[in-house]
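Report on one structure; see the data block that follows.
What follows is calculated from the coordinates using simple rules that are stated; it is not laboratory data. Keep in mind that this is a model prediction, so the values were computed, not measured. Please note: Cβ atoms are built from the backbone with ideal geometry, for glycine as well, and neighbour counts cover all protein chains shown.
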Amino acid sequence: MDAGHDLIPPEGKQHSRRSFFRRTWSWLAALAGAELLLAGLSFVGGGRKKGTEGEETVFTALASLDDIPPGGAFVLPAVRVSITRPDRDTVVALSLRCTHLGCSIEWDEKEKSFHCPCHHSRFDIHGEVLNPPATRPLDQYPLKIVDGEILVDLEHPRSRRHVDPDLETHV
């Protein structure tokens, strides 16, 4: 028998390098498609919160009414929240995250406004935009006042298009 004859596969069993790569790429494409499908399904279904029905809102004591003079702010950088008191009868809990690109903002006591050091957006004591590039007010946290203590729900900030005085807490 000829030695070269053993290297030729039997009829109908020929596999070229091209067909091997074609099959390999087909399998890889199918795997990638399956991963994309699973990622898409988790993205679409991910917006729903599971297990929140009947879940109790947790309010955290952050300050006392006595800590905040009318026209002032009590800044808590550790939790990125500021509690402002636009007037004697109104209290607002605001996020210290700029609505432009998320930089940490600072309270300017002299100007009685918030300032973003990154892109110079400014917000008033209610969180309303005074100076762009931010286009919407600061996010607001739900709060309640119990026996002079200010309790804030840190888990559910409210994104707002405009400042709504009806959402502010009145003393």
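Restricting to the range 126-158, give me the number of residues that are within 11 Å of residue 93 (Cα to Cα) and within 22 Å of the chain's Cα centre (by Cα). Residues in the range 126-158 being within 11 Å of residue 93 (Cα to Cα) and within 22 Å of the chain's Cα centre (by Cα): 14 in total. Among the numbered conditions (1) closer than 23 Å to residue 65 by Cβ; (2) surrounded by fewer than 21 Cβ atoms within 10 Å (Cβ to Cβ), the only one that residue 161 does not meet is (1).
Taken over the range 161-171, the criterion of being part of a loop (DSSP other than H, G, I, E, B), more than 19 Å from the chain's Cα centre (by Cα) and without any contact (Cβ under 8 Å) to a residue 60 or more places away in the chain is satisfied by 163, 164.
Out of 79, 91, I need the residue that is over 20 Å from residue 129 (Cβ atoms), surrounded by fewer than 20 Cβ atoms within 10 Å (Cβ to Cβ) and in contact (Cβ under 8 Å) with a residue 60 or more places away in the chain. Which one? Explain how you work it out, then say what you get.
Values: 91 fails: surrounded by fewer than 20 Cβ atoms within 10 Å (Cβ to Cβ).
Among 79, 91, only 79 is over 20 Å from residue 129 (Cβ atoms), surrounded by fewer than 20 Cβ atoms within 10 Å (Cβ to Cβ) and in contact (Cβ under 8 Å) with a residue 60 or more places away in the chain.
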